[in-house]
Amino acid sequence: MSETTDQAATTYDPFDGYDDRDDLLQPPLQYRFDGPDGAPVLVLGPALGATWHMWDRQLPVLGAEWRVLRYELPGHGGAPADPASSVDDLARRLLAVLDDEGIDAFGYAGCGLGAAVGARLALLRPDRVAALALVSAAARYGTADIWRQRGVVVRANGLDRTARSTPERWFTGAFLATQVAITDWAVQMVRTTDTACYVAACEAMAAFDIRDALGSITVPTLVVAGADDTETPPADARLLVAGIPDARLAVVPGTGHLAPVEEPAAIGDLLARHFRAAWADHTPAPQPFAPTPPAVAPRMPAQAVPAAGPDTYADGLRIRRELTGDAEVEAALSRAKDFGGAFETFATRYAWGEVWSRPGLDRRSRSIATLTALTALGHLGELAEQTRAALRNGLTPAEIEETLLHTGVYCGLPAARAAIDAARTVIAQETGADPEEP
């Protein structure tokens, strides 16, 4: 294949010639190649809400010596709307694409969510990642609570408001004042993203946290930060460099979050020099994607103590935080410091750690059942907390209203009216905000 700059997009067929049954079930990723056939492969990963076009202005310098593979996140840029449940899910889908194309070793550069994918690839398959560049990245992006709340806002309101506020998060004020066309492009790019895929990506980012694993990233790594990035500020980049052995830091002056768009020449030059030097020294050591279990389980000593069972309190506290929010949980625990602590421990362990974690019903169904029971019993304080949980479990405000309306037929209109009043306040709080967007 000769050098191409406008090659048609390709959709990976996960059932075509792939042996690993787990990866056969992965939904497709849409991707394209640019640059000369036979050159070393460089993968470019996009930020949440952005498409592969965010890397267009790096192609002249990178495509001259690399075969550049760009991919779309699910539901972005017209790609198939198959939501990814985790950052690892995206990493596996990308590896399936690379396997299908016969690509073993590759360089990887990503921005935002795309950087998170690259970091996980470097941890899971260091034998294949020749070099890594993390742009506008963090070991943990904000807090899990912020991401989950953003998912609630987008699920309830759609992406229009988030799209309109995106340029202020992505770019500096000086750039916004002079680059109206790019600002409009950014708004349209986010607005046309599939809502379910965007919400799933928020959940994936809520669960992403590699702070304790940074020391295990052994591939040559460049960390790039915009000096004026308020979403993943330079402090996040410095934490990455401090934790990743031999990582290098580059801070680009006067630049916001979407650095490849705001400062294309500077980013292109940084990436070209980094990958050119790192590829020359690439000597990967084979390592499987996941640890391989021993062929024979070790014999336990005769007096061995049985392994401890699951920590249902820890599981319950995690689920409770996921569904009701850190602030709500901290307030409840604080109120119980002097009196009621044993009750909070019991409720967290039993209700959240044992019942909510059971596999028999999904969380949406459990929320509907819980809202119904609390309405019938008139427990409006608990209903407010469970309304927040229902929103984070994927119920929309319309579905919550329908649940309470249906409950009113069987439990009484006054009870349902009081429940709707209590739920209304929480819904306004949860869906009226527009959380910060890393």
Item checked: Selected residue (criterion: farthest from Asp212 (Cα to Cα)) from residues of the range 100-145 that are of a type outside the set (Asp, Glu) and free of Cβ contacts under 8 Å to residues at least 40 places away in the same chain -> Gly102
Note to self: Given the options Arg335, Arg358, name the one that is free of Cβ contacts under 8 Å to residues at least 24 places away in the same chain and farther than 27 Å from His406 by Cα.
What the structure shows: Arg335
Next item on the list: Quickly run through the range 378-420 and pick out the residues that are of a type in the set (Val, Ile, Thr) and either more than 23 Å from Ala204 (Cα to Cα) or surrounded by fewer than 18 Cβ atoms within 10 Å (Cβ to Cβ) (or both).
Entry: Thr396, Ile400, Thr403, Thr407, Val409, Ile420
Item checked: Every pair of residues 6+ apart whose Cβ atoms lie under 9 Å, when the first sits in the range 237-265 and is free of Cβ contacts under 8 Å to residues at least 24 places away in the same chain while the second is buried (at least 20 other Cβ atoms within 10 Å of the Cβ) and among the small types (Gly, Ala, Ser) -> Arg238/Ala225
Next item on the list: Kindly indicate the residue of the range 171-186 that is surrounded by 19 or more Cβ atoms within 10 Å (Cβ to Cβ) and in a helix (DSSP H, G or I) and also nearest to the chain's Cα centre (by Cα) among those meeting that condition.
Entry: Ala186
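Each row is one residue, and each column tells you yes or no for (1) open to solvent by 10 Å² or more (accessible area, probe 1.4 Å); (2) at positive phi.
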position: Ala137; (1), (2): no, no
position: Arg140; (1), (2): yes, no
position: Thr143; (1), (2): yes, no
position: Ile146; (1), (2): yes, no
position: Gly151; (1), (2): no, no
position: Val154; (1), (2): no, no
position: Gly158; (1), (2): yes, yes
position: Ala163; (1), (2): no, no
position: Arg169; (1), (2): yes, no
Checklist line | Filter pass, Thr375 being open to solvent by less than 40 Å² (accessible area, probe 1.4 Å), more than 24 Å from Asp145 (Cβ to Cβ) and touching a residue at least 24 places away in the same chain (Cβ under 8 Å) | finding: yes
Note to self: Residues to consider are Asp229, Asp212; find the one that is of a type outside the set (Gly, Ala, Ser), assigned to a loop (DSSP other than H, G, I, E, B) and open to solvent by 60 Å² or more (accessible area, probe 1.4 Å).
What the structure shows: Asp212
Notebook entry, point to check: Which ranges mark the helices (runs of 4 or more DSSP H) fully within the range 340-434 that have 2 or more residues being of a type outside the set (Asp, Glu), modelled with pLDDT under 90 and under 28 Å from the mean Cα position of the chain (by Cα)?
Noted result: 363-377, 380-392, 413-432
Next item on the list: Could you tell me whether the range 100-107 includes any residue that is under 17 Å from the mean Cα position of the chain (by Cα) and buried (at least 24 other Cβ atoms within 10 Å of the Cβ)?
Entry: no
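The values are calculated or read from the model by the stated rules, or taken from the named source; none is laboratory data. Predicted, not measured: the structure shown is a model, and the values here were computed from it. Please note: Cβ atoms are built from the backbone with ideal geometry, for glycine as well, and neighbour counts cover all protein chains shown. The accessibility values were calculated without ligands, DNA or RNA, using every heavy atom of the protein model including side chains. Shrake-Rupley method; radii C 1.70, N 1.55, O 1.52, S 1.80 Å.
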